[in-house]
Structure formats: C-alpha cells, structure tokens
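The next block holds one structure in the form of structure tokens; read it before the comments.
The values are calculated or read from the model by the stated rules, or taken from the named source; none is laboratory data. Keep in mind the model is a prediction, meaning the values are calculated, not measured. Glycine gets a Cβ as well: all are built from the backbone with ideal geometry, and neighbour counts include every protein chain shown.
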Amino acid sequence: MSRGNFELITWSNTFSCGIKLIDDQHKNLVNLVNEMFSHASGDEEREKMYFNRIILEAVKYIKGHFATEEKIMIATKFSGYAEHKRAHDQFIAEVAKNILDFGSGKRLSLYTFTNYLKNWVLSHIAVIDKQYFVYLKKIATLKPDGRISISLEDIQAANIDKNDISYKVLKHSA
C-alpha cells in the first residue's frame, strides 16, 4: 500500500531560522523524508530497491547540510559547536548502522526508518538547531525584507565587550 503524496512532515515557519540557505536545506530534508515515506509500501522487495537507489544520495545531502551548518557555527564562533557537531556525527553513525544492517540482509522497514528520520529531523531542528538560531539572530543584521544576514562585521561585533556601545547598537538592530 503506497502512501502516495501523504506528508509525514509538514514544513512550518516555526522551523525557520531566517537564513535562506539553512531554511531551504531544512525544507529539502523535510521533502526527502516525505519522499522516502511515500515509498513505504510494505512490499519488502520494492522498498529494498528504492532504499538502495536513494540512500547514498540522501546521506550525501545530509552530510552537505551538516557541513554548511558547522561552517556557519565555526565562522560565527558559536559556543555550542562541539555539542552540535557531536549530534550530527551520532545521527550519521546511526544511519550508517541502519544501512549496514540493511545491506547484511536484516529487514528494514522503510516506514520505520522514515519515522526515525522524521523524529530526528523535527527534534533536531526544533530543539538543537534553535540554539544556534537564537545565537545567529543576536549577532545578525536584519534586512529590509525581514531576512537576516551575517556579515564579517556582525561576527566581529559579537566578540566585543557586551558593555561596548557598538554591541548595544547591533543588538537593537537584529
């Protein structure tokens, strides 16, 4: 029984950080989980063929997304970087374990796997990513269209004394 166009995850602006690149990547992750879920048919052979075709591409995309987030965290000197990177690494290790289990003949339900992905993606964006979203919004410049951007000046300003007048100006403009 195919799930057709049913969405396992529906994108919401509550997941948005305001940085277009990250928001677009998160939307793509949501779409990826939904796409995988739509192929959860209960037909083991069809699911296996689909999984083999899509999983390496999915892992490559996820690793690229994590690398983007990590580069931003390093560039902005986010103090929670090490913890965040550890969460990324643990997720990749868990997915790799699932791939190895599947490759060794263990039964992997696409339904179960996509539900795992859904829970991880939603909790990661809503809880762990929110920590650096809050930090980024504190140091970012607000654009007229409501988006935020982070310039070298913003990063440098974030590392100055919080009693300094330029910090107070930055804080009120973000």
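What to note about this one:
- Taking region 28-54 as the range and being touching a residue at least 40 places away in the same chain (Cβ under 8 Å), surrounded by fewer than 18 Cβ atoms within 10 Å (Cβ to Cβ) and part of a helix (DSSP H, G or I) as the test, the residues that pass are Glu44, Lys48.
- Checking Ala96, Ala87 one by one, the residue that is modelled with pLDDT of 90 or more and more than 16 Å from the chain's Cα centre (by Cα) is Ala96 and no other.
- Ile19 at negative phi, touching a strand residue (DSSP E or B) at 6+ places or on another chain (Cβ under 8 Å) and surrounded by 15 or more Cβ atoms within 10 Å (Cβ to Cβ): yes
- The condition (being among the hydrophobic types (A, V, I, L, M, F, W, C), without any contact (Cβ under 8 Å) to a residue 60 or more places away in the chain and either touching a Leu at 6+ places or on another chain (Cβ under 9 Å) or closer than 23 Å to Lys137 by Cα (or both)) is satisfied by just one residue among Ile9, Ile74: Ile74.
- Test for Leu108: is it in a loop (DSSP other than H, G, I, E, B), in contact with a helix residue (DSSP H, G or I) (Cβ under 7 Å, 6 or more places away or on another chain) and surrounded by 14 or more Cβ atoms within 10 Å (Cβ to Cβ): yes
- Qualifying residue in region 143-163 (condition: closer than 22 Å to His39 by Cα and modelled with pLDDT under 90): no
- Filter result (assigned to a helix (DSSP H, G or I), surrounded by fewer than 16 Cβ atoms within 10 Å (Cβ to Cβ) and among the hydroxyl-bearing types (Ser, Thr, Tyr)) within region 55-88: Tyr61, Thr68
- Some residue of region 28-41 being among the β-branched types (Val, Ile, Thr) and closer than 29 Å to Pro144 by Cβ: yes
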